[in-house]
Protein chains: 2
Amino acid sequence: MQFEYDNPTRVIFGAGTLARLGELTRPHGQRALVVTGGGSVKRSGLFERATKSLGDAGITVFECAGIEPNPRLSSVKRGAAIARDNGCDVIVALGGGSTMDASKAIAAAVFHDGDPWDMIYHGQPHPHVPTRALPLIAVPTLAATGSEMNSGAVISNEETTEKSFMRADCLYPRVALLDPELTLGVPRDQTAYGVCDLITHVTESYFNGVDDTPLQDRFAEGVILTALEYGPRAIANGADLEARAQIQWAATLALNGWVNVGTNGGYPVHMIEHTVSAYHDITHAAGLAIINPAWMRFAARHRPARFVQFAQRVFGLPAQGPDDLAAALAGIDRFEAFLKSIGCPTRFSELGIGDALIETYARDTVRIINDGKGNLPGRPPMSEADIVAVLTAAL
Amino acid sequence: MQFEYDNPTRVIFGAGTLARLGELTRPHGQRALVVTGGGSVKRSGLFERATKSLGDAGITVFECAGIEPNPRLSSVKRGAAIARDNGCDVIVALGGGSTMDASKAIAAAVFHDGDPWDMIYHGQPHPHVPTRALPLIAVPTLAATGSEMNSGAVISNEETTEKSFMRADCLYPRVALLDPELTLGVPRDQTAYGVCDLITHVTESYFNGVDDTPLQDRFAEGVILTALEYGPRAIANGADLEARAQIQWAATLALNGWVNVGTNGGYPVHMIEHTVSAYHDITHAAGLAIINPAWMRFAARHRPARFVQFAQRVFGLPAQGPDDLAAALAGIDRFEAFLKSIGCPTRFSELGIGDALIETYARDTVRIINDGKGNLPGRPPMSEADIVAVLTAAL
């Protein structure tokens, strides 16, 4: 186990903390670009509360509304132009993962000459990885992506039909303001997708990471167990503040490094989903819910012991030894049944997606990220044919 | 659940990373005070390797050796004088928890006019909480206290027979260099004490924290389960690098906030141990091994459900309902048996400590920290009589 960890984001967690937004933003700037999504923050009154807190702290507010669920490069360009034109010195992301991701890209694009896609593409080391960005205050209104406490962002290029990510130290939010009250109004389906999203973040590192990370395993299982316990509560009763709080903290932990530090694995399910949703404007987590169990059944055959551990520790299932494939598959069945029980789709047919582009998804996935031998990184690495097989099993 | 979390320490983890000490220190200073303990780092050649790495990076090395196992105020004053006299601009702590804690106090004392005890006493808000300290690079040679990634330090005042702590944001190490190879030579007893120390850090927040922290519970259980699995391996075979690595990461996680964030509880076992070891120069963790099970048996009667959870999740014991005191006590028995099995004492008589000062320990404990009503904070708060009862049960 070899790793480095350094996360500068300051977390402020608790019901009612939105009132501190102005106070927490003021040390970082006085001309704030507030980035929002489709309008729910206006309908709920949240935008007004947020901008009032900012105004009370002496901060001038500018606005970039309308970030799409899969945030587009054109929105990044638009946001960066607004920030530049108005001399904004801080960004406040007020929304879900897409809003936070777009905000990160905007924060860096402000300082980037040329097309922001240069710096976004692939997330691999390249000459345009940003080294400078406006300070970002992340205020998630949805427990899902964990973007509020990490340095990554996923952006879609509508011109090239690509969806890819960027990652850079300068993209860590300075503050993650986690007020679970803001998530009380999230509809059932979006709540369920958030639960699926956070679990999938954890399963990716759990199943694709290096060997011998027992603490990370335990932490991952802890996040999943908590999501299994509190997710259904939050879905059944959206006003359950306690359940909302636990799911929100779980979503942050799922991708802030505390669980996956040192695991150093690929994210094959995410990579495949990104290509599919580059062609179909589906909710990211709906795609994950469909692909993840199918991927697990594929991967379990290569490494049953890890899936037996999952079945035992997460679902309490018995197993006859560490390589008991039947027990491994039983755990995956339980996981898929959980996803169904909270209302997630588990087959592409439920979204009206057929097999017409299946080879295209596979080809695009390994084109965007591969191990140099044409395979998608993960345990095991996946050939295009493997991806086609997994997607076919999920039709 | 309401909390703030902000930990600026950069973690560098992995076998062999000591070679990077100079490179990692250089951005923070060029005149380093290297603080060490009783001499084992010289005998092992580690001091020479460390100072060579520093020298190769162009850093001039000064030395403060001889920090005691319970680091004394006089050593803090001595170290600060060496740093001041030589214009040191960075501190490198090379040793165990006592060396790291002394280094933190030295780092702050350099900028403090007057007696450093002013700023150390109690760890409560007071006028002398330090706001400025030399940058600190922590290189633990023992997996135990977790001091390498937190902002606290425990110091003993030999003149007043007090042992107390300080905590301040400026005391976070800039870098925690965690090289498990450095712990390969730790003797069996010290290895066992480290395991006990890290588990006790976790049990304190687990049993004394606020309600409704299910993620923190799972993380705490994960750290304990990992310590139960890898601790005995590291003790049985000190050259087991894999076990050493897991125990080292567990020790860091036990007190860097990832487990206890938001739990906001007292540390009664530590507070009682500090008073006892202010009178007897015993190893901190030996005192913890004795006091913790006795404290657990006391606390379980007030809150059996939490101890039943511990018995079930950590030791896999069955329980007849959440308030099954018998199951709770069975879990504590298992925990005490584990401590014995790794060679820790579990009664004061094993250390030659009798009941002569037992009321004094209790009085001193609540004098140093109390809830304003004369009770030691914790679940439940403890009167002096409660402390005497727990210590008596541990004789």
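Structure data summary
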item: Residues located in segment A:307-332, provided they are assigned to a loop (DSSP other than H, G, I, E, B) and in contact with a Gly (Cβ under 9 Å, 6 or more places away or on another chain); result: A:Leu317, A:Ala319
item: Given (1) open to solvent by 10 Å² or more (accessible area, probe 1.4 Å); (2) within 14 Å of chain B (Cβ to nearest Cβ), number of the condition A:Val11 does not satisfy; result: (1)
item: Evaluation of B:Ile106 against (1) more than 14 Å from chain A (Cβ to nearest Cβ); (2) free of Cβ contacts under 8 Å to residues at least 40 places away in the same chain (one fails), failing number; result: (2)
item: Single unsatisfied condition, B:Gly37 versus (1) open to solvent by 20 Å² or more (accessible area, probe 1.4 Å); (2) among the small types (Gly, Ala, Ser); (3) within 15 Å of B:Ala102 (Cβ to Cβ); result: (1)
item: Top-ranked residue in segment B:14-38 [being of a type outside the set (Lys, Arg) and within 24 Å of A:Thr213 (Cα to Cα); ranked as nearest to the other protein chains (Cβ to nearest Cβ)]; result: B:Gly14
item: Selection count where residues are crowded, with 18+ Cβ neighbours inside 10 Å, touching a residue at least 24 places away in the same chain (Cβ under 8 Å) and part of a loop (DSSP other than H, G, I, E, B), scope segment A:354-380; result: 3
item: Search result, residues across segment B:83-95 that are surrounded by 17 or more Cβ atoms within 10 Å (Cβ to Cβ) and assigned to a helix (DSSP H, G or I); result: B:Ala83
item: Those helices (runs of 4 or more DSSP H) lying entirely in segment B:212-306 with at least 3 residues under 30 Å from B:Thr17 (Cβ atoms), of a type in the set (A, V, I, L, M, F, W, C) and free of Cβ contacts under 8 Å to residues at least 40 places away in the same chain; result: B:214-236
item: Count of segment A:307-326 residues which are open to solvent by less than 10 Å² (accessible area, probe 1.4 Å) and free of Cβ contacts under 8 Å to residues at least 40 places away in the same chain; result: 2
item: Condition met for A:Glu68 (of a type in the set (D, E, K, R), closer than 15 Å to A:Ala107 by Cα and in contact (Cβ under 8 Å) with a residue 24 or more places away in the chain); result: no
item: Some residue of segment A:207-214 being more than 10 Å from chain B (Cβ to nearest Cβ), within 30 Å of B:Ala243 (Cα to Cα), of a type in the set (Phe, Trp, Tyr) and within 18 Å of the chain's Cα centre (by Cα); result: yes
item: Some residue of segment B:234-253 being within 9 Å of another protein chain (Cβ to nearest Cβ) and open to solvent by 20 Å² or more (accessible area, probe 1.4 Å); result: yes
item: Failed item, numbered, when B:Glu336 is tested on (1) more than 30 Å from B:Arg188 (Cβ to Cβ); (2) modelled with pLDDT of 95 or more; result: (1)
item: Among (1) within 14 Å of chain A (Cβ to nearest Cβ); (2) within 16 Å of B:Arg379 (Cβ to Cβ); (3) outside any helix (DSSP H, G or I); (4) touching a Phe, Trp or Tyr at 6+ places or on another chain (Cβ under 9 Å) - the single one B:Ala176 does not satisfy; result: (2)
item: In segment A:156-188, the residues that are under 22 Å from A:Asp89 (Cα atoms), crowded, with 24+ Cβ neighbours inside 10 Å and modelled with pLDDT under 95; result: A:Met166
item: Breaking point among (1) within 14 Å of chain A (Cβ to nearest Cβ); (2) under 29 Å from B:Thr275 (Cβ atoms); (3) surrounded by fewer than 17 Cβ atoms within 10 Å (Cβ to Cβ), for B:Phe3; result: (3)
item: Residue check for A:Thr99: surrounded by 24 or more Cβ atoms within 10 Å (Cβ to Cβ), at negative phi and at pLDDT below 95; result: no
item: Residues located in segment B:220-233, provided they are more than 9 Å from every other protein chain (Cβ to nearest Cβ) and open to solvent by 10 Å² or more (accessible area, probe 1.4 Å); result: B:Leu228, B:Pro232, B:Arg233
item: Given (1) open to solvent by 30 Å² or more (accessible area, probe 1.4 Å); (2) in contact with a Ser or Thr (Cβ under 9 Å, 6 or more places away or on another chain); (3) in a helix (DSSP H, G or I); (4) not small (Gly, Ala, Ser), index of the condition B:Thr392 fails; result: (2)
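The values are calculated or read from the model by the stated rules, or taken from the named source; none is laboratory data. These numbers were taken from a predicted model, which means no experiment stands behind them. Every residue, glycine among them, receives a Cβ derived from its backbone with ideal geometry; neighbour counts consider all protein chains shown. These area figures cover heavy atoms from the full protein model, side chains too; ligands, DNA and RNA do not enter into them. Shrake-Rupley method; radii C 1.70, N 1.55, O 1.52, S 1.80 Å.
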